[in-house]
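Each remark here refers to the structure printed beneath this line.
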Amino acid sequence: MSTKRENPETIAIHGGDYRSDPTTKAVAVPIYRTTSYQFDSTEHAANLFALKEFGNIYTRIMNPTNDALEKRLAALEGGLACLTVSSGQTASAFAILNVAKAGDNIISSTDLYGGTVSLFTHTLSKLGIEVRYADPADPKNFEKAVDDKTRAFYGETLPNPYLRVFPIKEVSDIGRKYNIPLIMDNTAAPVLCKPLEHGAAVVVYSLTKYIGGHGTVVGGALVDGGNFDWTTDPKRQPLFNEPDASYGGAIWGKTVPELTGANVAFAVRARVVLLRDLGAALAPDNAFGLIQGLETVALRMKQHCSNAEKVVNFLTKHNEVSRVIYPNQYKGEIGNRAKKYLSGGNGALVGIELKGGIEAGKKFIEALKMFYHVANIGDARSLAIHPATTTHSQLNEEELLASGVTPGYVRLCIGLEHIDDIIEDLEQALSRSSKETLKAVS
Ligand code: PLP
């Protein structure tokens, strides 16, 4: 195809090498519902297993529907290769397990999705991988925590509840001094931010959110930027520099570039070691669903951002709202980061603090008519949740505040409905919750 593929709208539809199905000429990517693939000969089979030739072996490790999605996601991110997996949680877990083993540590931002915190703090520690936390307000906090067992830095581009954009280049520059790769979770900001352009080495996604975009499919992805040399410092990255007994002594940092001619050791190791052994594959039916979402992600993100900005304008003037949390509401360094890294828009997540506290938060959620009350983000529908009575209800008030959730905090995820209808629903819910809160306290 001759079209220049630099524009995300075009990449989302044409990115990768899928043009039409080679046998049927079908234009839409077919769902290849097969577990296995016929080998041409015993030599062909042996070459595939030895990675001398790349091709399909078994759907736990690769599938043509997933492959079309993977190549398109890699193109959209500006990366070299991608691996899709069964969920965003798997993507985060694989990203760490691909670089760290028992006795190693990684340094993660404190501003993280709760599921990632529980994976890092509880499950990875049981596997012997220590996760050290650094407040990204000052990127130097990452440097302070480095030691010779540090294998990666980890951050989230647009983490809630604070929506303080992560200092991607600042932390990546520190990492590159020590040959430590930065892994970025870009779930909340596809198209809006391309972390690889700012020095991240790997991007992970929960595809469940904006890439799928319609609240119908759970999936995850790891995108290998191809911009990190895994062999410069063998002691820093042992998993890429020591022979892997599980794969005929392959030294991933060397073997993969030799075989493929590309710096895709991270993606290949994640596929042929972790996906092979842990088996958390994305079903091809789900890959198909995610491709349908991906094709419109750039357009949807524009509309999500445009609606969210109008909601922010409305809420900042509202009497019942004491604070609106949105990337463009920050001043100083945090505000500068939003401008620098969210070049495509400020996203769809909006946090509000209600003057009436916990009671107002509860009543507001109950009064919403069009917004859905769900623990999800990245749907075409507008969504809302009151963390103090749901996701964070096990925390005491002190812990709540430490996690950035005040009792009256409500997270909104602005959808694609007409802006007038979104604002009308918010307006009626704010007015009802204020009346009912007054009644409850008087
Ligand atoms: N990362 C972020 C930022 C998320 O918001 C989520 C889920 O909410 C995940 C990862 C985990 O994704 P999944 O639910 O697809 O496992």
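The values are calculated or read from the model by the stated rules, or taken from the named source; none is laboratory data. Remember, it's a predicted structure, so these values are computed and weren't measured experimentally. All Cβ positions, even for glycine, are placed from backbone atoms using ideal geometry, and neighbour counts span all protein chains on display.
Values computed for the structure shown
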{"item": "Residue in the range 341-357 that is touching a Cys at 6+ places or on another chain (Cβ under 8 Å), in a loop (DSSP other than H, G, I, E, B), farther than 18 Å from Thr316 by Cβ and modelled with pLDDT of 95 or more present", "result": "yes"}
{"item": "Cross-chain or 6+ apart pairs with Cβ under 8 Å, the range 90-101 first and touching a residue at least 12 places away in the same chain (Cβ under 8 Å) and over 11 Å from Arg271 (Cα atoms), then of a type in the set (D, E, K, R) and buried (at least 24 other Cβ atoms within 10 Å of the Cβ)", "result": "Ser92/Asp185"}
{"item": "Hits in the range 121-153 (condition: at pLDDT below 95 and under 17 Å from the mean Cα position of the chain (by Cα))", "result": "none"}
{"item": "Ala281 in contact with a strand residue (DSSP E or B) (Cβ under 9 Å, 6 or more places away or on another chain), surrounded by fewer than 19 Cβ atoms within 10 Å (Cβ to Cβ) and part of a loop (DSSP other than H, G, I, E, B)", "result": "no"}
{"item": "Residues located in the range 23-49, provided they are modelled with pLDDT under 95 and within 27 Å of Ser86 (Cβ to Cβ)", "result": "Leu48, Phe49"}
{"item": "Single condition Thr35 does not satisfy, out of (1) within 22 Å of Ala283 (Cβ to Cβ); (2) surrounded by 13 or more Cβ atoms within 10 Å (Cβ to Cβ)", "result": "(2)"}
{"item": "First in the range 155-180 and closer than 18 Å to Asn227 by Cα and away from the ligand (no atom under 14 Å from the Cβ), second anywhere and at pLDDT 95 or above and among the aromatic types (Phe, Trp, Tyr), Cβ under 7 Å, 6 or more apart", "result": "Ile168/Tyr341; Val171/Phe142; Val171/Phe153; Ile174/Phe142; Gly175/Phe153; Ile180/Phe153"}
{"item": "Selection from the range 199-232 of residues that are closer than 20 Å to Leu112 by Cα, within 14 Å of the ligand (Cβ to nearest atom) and surrounded by fewer than 24 Cβ atoms within 10 Å (Cβ to Cβ)", "result": "Lys209, Val218"}
